[in-house]
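The values are calculated or read from the model by the stated rules, or taken from the named source; none is laboratory data. Computed from a predicted model, the values in this text were never measured in an experiment. Here the Cβ positions follow ideal geometry from the backbone for every residue, glycine too, while neighbour counts run over all protein chains shown. In case anyone asks, the SASA skips ligands and DNA or RNA and just uses the protein heavy atoms, side chains included. Shrake-Rupley method; radii C 1.70, N 1.55, O 1.52, S 1.80 Å.
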Amino acid sequence: MMFKTHMAAGLLVAVVALNFVSPEKQLLFAFLLLIGAAFPDIDHPKSRMGQMFWPIAYLFEHRGFFHSFFAIVIFPVMFFLLSGSLVYSVGFLLGYASHIFTDLLTTQGVMPFHPLLKFKLRGFMHTGAYYEYALFFVLIAVSIFVLLVL
Ligand SMILES: [Zn+2]
């Protein structure tokens, strides 16, 4: 999935989840959720996160451990231990999970139990295909609808 699609999926998760977050925490919650939605591609040298933290991108296989179900748990728990905030950690977790589940839709797929098992779960979408752009616009439109109407 493209960066923008991960952000759009994160946005949709954020506008729904914000209903359960107190108003004074909503801005940072949404920001950390979007950071979580970008974070897993830290293992890709050409991604925005991978360029910022390039040694990680060269040490880890793309869509390996950072895209596993283990990582969905481990990194938000680490975030919680560092921040001490359950609300913001849940935001990071929701963003992280949205990234992994949108990557599951692609033909490249993810290895949910990497590095223990290397079997892949995969979908039908090709990253950057016209229908990914369609998905991007649908995610944005539904996010705006949820934000304004619900
Ligand atoms: Zn990814």
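Say R0 is 25 Å: what FRET efficiency, to the nearest 0.05, do LEU59 and THR127 get from their beta-carbon distance?
Computed FRET efficiency for LEU59 and THR127 comes out at 0.65.
With +1 on each Lys and Arg Cβ and -1 on each Asp and Glu Cβ, and nothing else charged, work out how big the dipole of the chain is about its Cα centre, in Debye to the nearest 20.
Here the chain has a charge dipole of around 180 debye.
Along the charge dipole of the range 13-131, pointing to its positive end and built from +1/-1 on Cβ of Lys, Arg, Asp and Glu, which listed residue (GLN108, GLN26, LEU94) has its Cα farthest out?
Projecting each Cα onto the dipole axis, the largest value belongs to GLN108.
Tell me the trypsin sites (Lys or Arg not before Pro) within the range 1-98 that lie in a loop according to DSSP and have at most 16 other beta-carbon atoms within 10 Å.
The qualifying sites are LYS46.
Of the heavy-atom accessible surface of the range 60-150 (probe 1.4 angstrom), what whole percent is carbon and sulfur?
Ligands and nucleic acids excluded, carbon and sulfur give 80 percent.
Could you give the DSSP H helices of the chain that reach 20 angstrom or more along their long axis (alpha carbon positions) and whose average Kyte-Doolittle hydropathy is no lower than 1.0?
3-17, 69-83, 86-103, 130-149
Dividing the Cα convex hull volume of the range 3-149 by residue count, how many Å³ per residue is that?
Taking only Cα atoms, the range 3-149 has a hull volume of 106 Å³ per residue.
Quickly estimate the mean residue ellipticity at 222 nm for the chain, helices only: each DSSP H run with n ≥ 4 gives -39500 (n - 2.57), and the total goes over all residues, rounded to 500.
The helix contribution divided over the chain gives -19500 deg cm²/dmol.
Please give the FRET efficiency for LEU117 paired with ALA141, using the beta carbon to beta carbon distance and R0 = 41 Å, rounded to the nearest 0.05.
0.65
When the solvent-accessible surface of protein heavy atoms is calculated with a 1.4 angstrom probe, in what order do TYR88, TYR58 fall, highest first?
The ranking, largest first, comes out as TYR58, TYR88.
Treating cross-link reach as a plain straight distance, find the lysines whose alpha-carbon is under 27 Å from the alpha-carbon of LYS120, omitting any fewer than eight places away in the same chain.
Output for LYS120: LYS4, LYS46.
Can you work out the accessible area per residue across the chain, with the rest of the protein chains kept in place, probe 1.4 Å, in square angstrom?
55 Å²
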